[in-house]
Every structure is written in structure tokens, then in C-alpha cells.
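A quick write-up on the structure given underneath.
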Amino acid sequence: MDSDAELVRRLRSGDEHAFTGLVERYHQPMLQLAASFVPNLAVAEEVVQDTWLAVLRGLDGFEGRSSLKTWLFRILVNRARTTGSKEQRSVPVADPEPAVDQSRFDGAGGWADPPEHWIEAAEGRVEAGKLAHRVRAWIDDLPARQREVVLLRDVEGMSSEEVCTVLSLTEGNQRVLLHRGRSRLRQLFEDEFREVR
Amino acid sequence: MRIFAFLNRDVVCQQAVELVTDYLEGTLSRAARRRFEAHLSGCPHCTEYLAQMRETIKLTGQLAPEDLTPQMREEFTDLYRRWRSEQQ
């Protein structure tokens, strides 16, 4: 994709393809993220529509101090937050859930039921699209705050600083949420390939 | 602090799996990182576990956004045109 500055220039100058390209790239992740904050998909869609309009209207104010992507997601999250919360957002970050079920360790904390191999089996299946919709569903099933962090960090490839900016999180909380989310996903990959054997 | 809890003893597997993200994020203290790596060097299961966490991150990062439907594409083109006409 073009540099942010170039893209913004094209958007301002009436290049429809620049806009549809941007929507193509970010609409779905924005929808997925918005769904985390609001009661249902219809509301999430409204929030995202509003966000796109706000993005266009705010283009002149975009100064490039953050990346365009961070700016987009920040507008989205602010709108989604003010639109209405789906659940108690004050749920503590540090839930006690372990990365791996404790039944898989022996009394001394060593593996009793060690991780099963699945990397080779999974390689290529996400790229080929066969696994992609399952992984998407797994992410959607994560607890909201973990989902938000995993979407931005691992799906969108943002830095921890950017994620903290977009979601108004401390570095420490962001890391805890990321850890829980990634640990759950790893377990789901393991379960997925254990079943097919 | 969980990090201090094992400074004076070896890391066990159950602790190691909780340190993986801090390790990958580079936020472990030097001493904690050494202990974590010392544990890995003697533990094939935790080495596998770390590789699986890396693979999880990699595979999650390969998800591409789904294509817009032609109808949505049209709606967004309209939205853009409306905004343009507001500008003029």
C-alpha cells in the first residue's frame, strides 16, 4: 500500500479507488473490533459507517503524527465506546485463568500431558484459507478485551505502543490480555489438530 | 510479583508457559530471561510450547481481510461521492 501521506493526498483529491482500497483493507477488522464494544452487529455496522464518514471529514486534520491505521482505529474505538457498552468493561484484566489448564501439569509443575505437535499440520492451511474462517471464529469467541488486543497486535500487526494508544491500555495490561488471548488460541490450534488425527 | 517468585529457584514448566509472552515481548529482566532460557534448554516440551506460541502469532498474522461484497463497494463509493459533494 502507498505511504500514508500519499494515500491521504489521493483521498483528498477525489480518488475513489484510494477510498475503496482503504475500506477493502480495514472495513472488516474495524467491524470485528467494533463488535467488541456494542450490543450487536447491526450497531457495529453503524459505528463503522459513522467512522468512515468521520475519517473523510477529519482528513484535513490528519497530521501524520500517528499512522493512518492507528488514527482510523482510534476514531473507531472512541465512537464504539460512546455508542454503548456491551458488558461490564471494568472486568479486571488479570483474570486468574492460566495459559495452560493446570490438569496438564504434575504436582511439581512439570508437564504431565505435554503439548502435542501441530505446527507442521497447520502450516499452509491458514494461507490456503481452509483454517482461516475457524481462526477468525476463535478470535471472535475470545473475551472482549483479549479479542481487541489480539486483533490489533497479531492480526493487524500493530506495535504494543499503537495498541495501547488505540485501546487506552497500559503496557502491562496490554501484555496480560495478549498473553491470555494468544494462549487460548494456541490451545485451540492444538485441539483442532488433535481432533483430525 | 511473579518474576521475583522464582528468582531463587529453577523455573518449572507451569511457570514457563506463563512467561512466554513477557519473553517474546522482551520485558523479562535479564536474570529472569536467563532462567527461562535455561529451562528451555533442558525442556523439549516447553521448547515446543514456545514454538507453538510463535506459530500461533504467525498464523494469526496471515489472516487477510475478507473481500467486500459488490454491494458494499457501491455503498462506500456513494459515501465517498457524498463527502466529495459536501466539500465543494
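The values are calculated or read from the model by the stated rules, or taken from the named source; none is laboratory data. Since the model is a prediction, treat every value here as computed from it, not as a measurement. Please note: Cβ atoms are built from the backbone with ideal geometry, for glycine as well, and neighbour counts cover all protein chains shown.
Things to note:
- The set of residues in the range A:56-71 that are out of contact with any helix residue (DSSP H, G or I) (no Cβ under 6 Å at 6 or more places or on another chain), of a type outside the set (D, E, K, R) and crowded, with 20+ Cβ neighbours inside 10 Å contains only A:Trp71.
- Sole exception among (1) modelled with pLDDT of 95 or more; (2) more than 7 Å from chain B (Cβ to nearest Cβ) for A:Gly110, by number: (2)
- Selection of the range A:10-40 for residues being farther than 20 Å from B:Ala64 by Cα, of a type in the set (A, V, I, L, M, F, W, C) and assigned to a helix (DSSP H, G or I) yields only A:Leu11.
- Filter result (within 20 Å of A:Gly157 (Cβ to Cβ) and without any contact (Cβ under 8 Å) to a residue 12 or more places away in the chain) within the range B:23-36: B:Glu25, B:Gly26, B:Thr27
- Considering each residue of the range A:41-60 in turn, at least one proves to be aromatic (Phe, Trp, Tyr) and within 14 Å of another protein chain (Cβ to nearest Cβ).
- Qualifying residue in the range A:137-157 (condition: within 10 Å of chain B (Cβ to nearest Cβ), within 17 Å of A:Tyr26 (Cα to Cα) and not in a helix (DSSP H, G or I)): yes
- Pair list, Cβ under 8 Å, 6 or more apart: the range B:58-87 residue at the interface with another protein chain (Cβ under 9 Å from one of its Cβ atoms) and in a helix (DSSP H, G or I), other residue exposed (fewer than 14 other Cβ atoms within 10 Å of the Cβ) and of a type in the set (D, E, K, R): B:Trp83/A:Arg57
- Annotation: B:Arg30 fulfils all but one of (1) of a type in the set (D, E, K, R); (2) at the interface with chain A (Cβ under 9 Å from one of its Cβ atoms); (3) loosely packed, with under 12 Cβ neighbours inside 10 Å; the unmet one is (2).
- Picking from residues in the range A:100-116 that are exposed (fewer than 12 other Cβ atoms within 10 Å of the Cβ) and not aliphatic (A, V, I, L, M), the one that is farthest from A:Gly181 (Cα to Cα) is A:Gly107.
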